[in-house]
1. Starting from the Cα of Lys629, draw a straight line to each of the aspartates and glutamates and keep only those under 18 Å, dropping any in the same chain fewer than 8 residues away.
2. Given a cut-off of under 8 Å on Cα pairs at least six residues apart, what relative contact order in percent is computed for region 513-651?
3. So which DSSP H runs in the chain come out at 30 Å plus along the axis (Cα) with average Kyte-Doolittle of at least -1.0?
4. Would you list which aspartates and glutamates come within 20 Å of Lys424, measuring only between C-alpha atoms, while excluding same-chain residues fewer than 8 positions from it?
5. Among 504-517, 111-124, what's the highest-first ranking by average C-beta atoms within 10 angstrom per residue?
6. What distance in nm separates the simple spin-label points at Leu73 and Glu216, each placed 7 Å from Cα in the Cβ direction?
7. Which order results if Arg285, Arg19 are arranged by neighbouring Cβ count within 10 Å, fewest first?
8. Subtracting the Cα-Cα distance from 0.36 nm times the residue separation, let me have the gained length for Phe129 to Arg244 in nm, one decimal.
Amino acid sequence: MPMHKQLDPPACHTTASDRIWMACVCVAWLVTTTLALCHEIPRFMTAAESPAGMFSWFYGMDADWSLAVLVLLTLPMMLVAARVGKFKLEPRKSVLSGPCQARTSSRVQAVTSVALFLLSLLSSMSIGFRTLSLVPLPRQTNPVAQIRFHELPPAYHDEFSYLLQARTFLAGRVAWPAMTVQPDLFHQVHVLNQPTTASRYFPWTGFWMAPFVTVEHPYFGHWLAGAIACVIFHRCLCRLMEFRWAMVGGVLIAVSPGLAAFSNLLLAHHPTMMALAVFLWAFLRFMDHERVRDIVVAGAALSLAMLSRPMTAAGFAFPFGIWLFVSMARQHFGPDTKSSAAKWSPMRVLAGIGIPLLLGCGVLAFMNHAITGSWLKSAYQLYTDTWTPRHRYGFDNANVDPALPESKVLQAYDNWAENLTIAKAQSNVAQRTLYSLRWTLGIAALTFCIIAALAACLDGQDRRPLLLLCAVLTLHAVHIPYWYDGIMHWHYVFETAPLLILLATCGLRVACRTLQSRLGPKLSTLWLTLLILASLIPNWIDADTFWGQSRVTTAFDEQAFSRVRFEYFRRLTASEQVRHPALVLVDERGTNQQLSYIVNPPDLSGDVIVCRLPEDTAIVDELTQAFPKHHLYVFSPELLTLENLIPNPTP
């Protein structure tokens, strides 16, 4: 398993025989076209029977396949025309097998990195800066307000938990004291309030968000993380292929609809993806140069990813860990064929990647002890065991010990979990695969490119594309034993998106090399560009006459539903119609607990405090005594109404 002694761009060589390349491209076209026709032939037949004839096919197009099938079917026509017309193609050396281009200048690399950074930011901002009309408050006389998407509260309670974590760190704390007044009534979803008050999640995300929370623009941090990750993944591609192809891959990452959509959610994915991008870049540098400092950087970045999404970090890094272990074994036990200068020390490499990971485990153990009182039990595990045992990792998750006490406050949320069986796991894998393809670029383009990339993965001289493919598979594998397919049906495998685009870029490179010998460089580039656009355009652009709303707009509307309601509640409780300080009792009976309004400062220091409406009036009296200066109100999530419960609280 030789190291790759190559710089930017790496030493060029033929990744496989022309026959294998042609076979991979042919299989890619056949599989993708067959899938497209299976979706579109019924629509063609329905259109042919309609009064408008075939023209009706253009109305209600399938966003995944309709444009793509038109592009796919043009390829054989172009090949036949080229053969029959005996086009005189200019002789041109293969972009894969020809000699390497000269090293790209530092100036060009810097300009490209800045351009990709800005393009990624623009993609995120194109969603975050969309505006919505707010629901007017009761007795509101001024015009209905407009607000930008990024100025709204979060959509999911995971996001509120990360915000609490960031504010906890900004206060110089790891956790807050336990809730002493009716903990169940004040329980915030995904937040511990016994034995301490703290986010259930791992710390890297809150640490990354903290500076942006300080300036009251937390979403800017995720946009920045996505832009940094885009540039670093582009630099990874520069180690795998020529600069022009690395630039193509960087552009695809920057305009990925899924990456842009998730950059407007305050979840752990973008800080994790940024850390994993640094890990991959540093690891590829180590494979090229065998320098211990590169493996130290890789270990530090992987440790940060582990402190955000441990299972994701493990799945992403597992194939690279196997490669490193085998390389270390060969280096230590293999024949001494290298000079002393070229031979690297396995122990130094092991320490270089192991020490940062051990330090990360130490940080996690410290936080565990500070929050849960145990060095080994995380806040995440304690929360699951206490409030949502049916949401645990593993098969047969819904069959919990009947002797365990039921969670009074989150029982409906806990019961939402389905039992994970083999059939359910298979369905989850299919859903995650489908939606990761759909949201990364588009099903048609990505299917074609990934199959074409198998030519690069089968290259015996360069195992790096195969490692990328294995990382995608292991990321899916480690999440098989979880019952939920994920937010937007794929968030558990979100970090496969940049890996899929890296592989897709390899596939584009192989396909272009194969097609240009038959179509020429211009036509082959044009066809591949149209295929990518056929998948990207329905994801980004609304077209009511054709495919309707874009996927980005659909996701925007879905998230806006809860975010607008949370903003309405915030404005209502902060309005002059409410006497402050106020204690708002939310009537959650029969409502969706995933749309819970129970969000408070951890020390209950806000001008408005929110808790659940108790069924026992004696508990209301207890709340009145615990918060004697607060005016009590009852909020109905169904009616969006706020009523005074006790007009004159005890002073």
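Where a number appears in this text, it was derived from the coordinates with a stated rule and is not lab data. A quick note: this is a predicted structure, and the numbers were derived from the prediction, not measured. Glycine also receives a Cβ, built like all others from the backbone with ideal geometry; neighbour counts cover every protein chain displayed.
1. Straight-line reach from Lys629, under 18 Å: Glu576, Asp603, Asp607, Asp621, Glu643.
2. 18
3. Working: long enough: 18-49 (45 Å, 0.85); 106-128 (33 Å, 1.33); 218-240 (34 Å, 1.00); 310-333 (32 Å, 0.83); 346-372 (37 Å, 1.43); 496-519 (33 Å, 0.99); 551-574 (34 Å, -0.50).
The answer, listed by residue number, is 18-49, 106-128, 218-240, 310-333, 346-372, 496-519, 551-574.
4. Reachable aspartates and glutamates: Asp396, Asp414, Asp485.
5. Order by mean packing, descending: 504-517, 111-124.
6. 5.6
7. On the way: Arg285 21, Arg19 8.
Result, fewest neighbours first: Arg19, Arg285.
8. 38.3 nm
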